[in-house]
Amino acid sequence: MQNVDSLETVLKGEIDTKERYDTLARLWNIVINADIDKSMSVAKSIIDLGKSSKTDSITYYGYERKAVTHSYKSEFDSSSVYFRKALGYYSAQKDYSKVASIQRNIGQDHNLLESLDSAYYYYDLAEKNFALGKDTVGIGDAYISKSVVNLQRGYYNLGLDYGIKSARIAEKYDNQLELHQTYLTLASIYQSMNDTINAIDYYDKTAQFFKANDYKRQYISMLILKSELYNTTNTLEKAVALVDEGIELSKALEDYSRLGNCYGVKSKLYLTKGDTEKAMEYNDKSLEINIKIDDKYSICSDYKDKAAIYLKRKDYNNAIRYGTIALDAARDMNLVEIEMNTQLNLSKSYEGIHNYNAALKAYKGYQKRNKEFYESKKSKQMEELKIVYETEKKEKELALQDAEIEVLRQQEVISKNRQRLLGIGSLLLVMFGGALIYGLRQKMKRNKVEREKLDVALEFKEKELTTHALHLAHKNEVLLDLKSQLKDLKSNSDNSRSYQKVINTINLDINNDQNWEQFRTYFEDVHKDFNAKVMKNYPEVSANDLRLMSLLKMNLSSKEIANILNISAEGVKKARYRLRKKLNLSTEDSLQELVIEL
């Protein structure tokens, strides 16, 4: 790619930090859709640049880019860690737009993990923070995310409403990528509503844009969705051509998630054509990929499709075997549609081997789930109407509040006019008010001076604490080294008792609790009530655990902690592991973040 080559040429030259950062950011935006491994490397380069130049804004931008790259690779545990690093920084900076952007990305991760309620929660937060940051384009991003979730929930009208709102914002600001991503969502909604004409129209719009601008992943998503649409309308040759194009692009990008989806769709197309051999071939390919990337939803769907292929072949025993696997998985994940369809196919399969009791049982299970599915659909429609009503109600309340504010403004104008007529009395009142304000300002100045003094004192205490901690680490390191040298001399000397006496003195100094008492005094001055909070929230924590938590609170390195506690680096790891168990932390939770937030 020409742009990539030119940007990499710029990076090889002598350029300042700002230009290097701008170039790396532009490079990441290009390669994320074409070369996932390269995008990870670029994100790391941004982080390294931020650290070497001691520029936090660059470092945390790099963390955010690294998180997004992990999301693209479906490595959601890793993306969560880096998103939260960046989120903490931008929250402290009160950069509402950046906070909102990260919350939207976290919501997308939850969406991909089929946790729709959590996804919607983060999209709501994102919308509110975009509004606080007066970021209209960002609000459009939140709208399209909400549109997607409403599509997945079956709230098609709400999905259309948010999609149209997003499209209007994208059109206003000529944001073509956002506009066509919105079109893709609208096409999916129309497809779900069986409005084929509108769905194809929007798919065609997105196809032209994504292809012309080299947005390959979005283009593959469009191909998959459109091929499924053509399958339902029996235009199978077109559908096969579309999905074959998607397969080639997915292979080139090494995008296994989309490649698995393409194979799954192609299997369904061949089953519709009645070619069970080809259908099984692509089903096996889809299943192999989805097992490899641990896509549980797609695995369940593949087993359901495999059972359907065997049923078509009248291989009833294998149809029952894979249908049972799909049924168990669908029940575990509460996938009602897959469970319903699998029960119906199991009923036919049992009937094929003349096991009529099992066939009847499966059919009753299908009828029960079918009834629940359509009742759920009605319930969703009612819930959607309720949400629409509440949304309209809130909008009316906001309009009423605006009207009340306007009335208050008018009253303020009238009040000012009356004050002008008060003459001398008003003047005296103003003079009195001025004196009062002057007094208040003087008091505020005094308070400001006092606050500045306290800030200086706190900063001094923080420096004392850091200096003392580093002194402890250095002192213990030196004493341990001296102790080691004395042991060597002792083993080669006749006067071993004298050497042992010196070693014992060093041991006493290393383990001197007075040093810790002094450290604890400094620490409590800087971090008020930290120890009390720990003991209140985690009563099982020991004195040694509390010491470790104090050092973690100061963000010291493992080596510094090991020197201060007089243990090995491996000992620090074990101490951290025991502490995590006492604090009931999962592998996904960060011990460092928990301690710092206390």
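Every number in this text was worked out from the coordinates using simple rules, so none of it is lab data. Note that the structure is predicted; figures quoted are calculated from it, not measured. Cβ coordinates were reconstructed from backbone atoms using ideal geometry, including for glycine residues, and neighbour counts include every protein chain displayed.
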Rounded if a/c is under 1.5, else prolate if a/b is larger than b/c, else oblate: which is the stretch 56-181, with a ≥ b ≥ c the root eigenvalues of its Cα gyration tensor? oblate
If I take R0 = 60 Å and measure r between the Cβ atoms of residue 567 and residue 153 in this structure, what FRET efficiency does the formula 1/(1 + (r/R0)^6) give, to the nearest 0.05? 0.70
Any chance you could check the Cα centroid distance between the stretch 21-88 and the stretch 169-203 for me, in angstrom? 29 Å
Within-14-Å neighbourhood charge of residue 168 [Cβ basis; K, R +1; D, E -1]: -3
Förster radius 22 Å - calculated FRET efficiency between residue 588 and residue 332 (Cβ-Cβ, nearest 0.05): 0.55
When only C-alpha pairs under 8 Å and at least 6 residues apart count, what is the relative contact order of the stretch 146-210, in percent? 28 percent
Could you calculate the contour length gain from residue 314 to residue 204, that is, 0.36 nm times the residue separation minus the distance between their Cα atoms, to one decimal place in nm? 35.7 nm
Under 1.5 on a/c is rounded, so check that first for the stretch 1-72, then, if it is not, pick prolate when a/b is larger than b/c and oblate when it is not; a ≥ b ≥ c are the square roots of the alpha carbon gyration tensor eigenvalues. oblate
Residue 93 to residue 275: extension gain in nm, 0.36 nm per residue of separation minus the Cα-Cα distance? 59.5 nm
Classify the stretch 114-215 as rounded, prolate or oblate from the Cα gyration tensor: take a ≥ b ≥ c as the square roots of its eigenvalues, call it rounded if a/c is under 1.5, otherwise prolate when a/b beats b/c and oblate if not. oblate
At 0.36 nm per residue, and after removing the present C-alpha to C-alpha distance, how many nm does the segment from residue 54 to residue 174 gain when stretched out fully? 39.6 nm
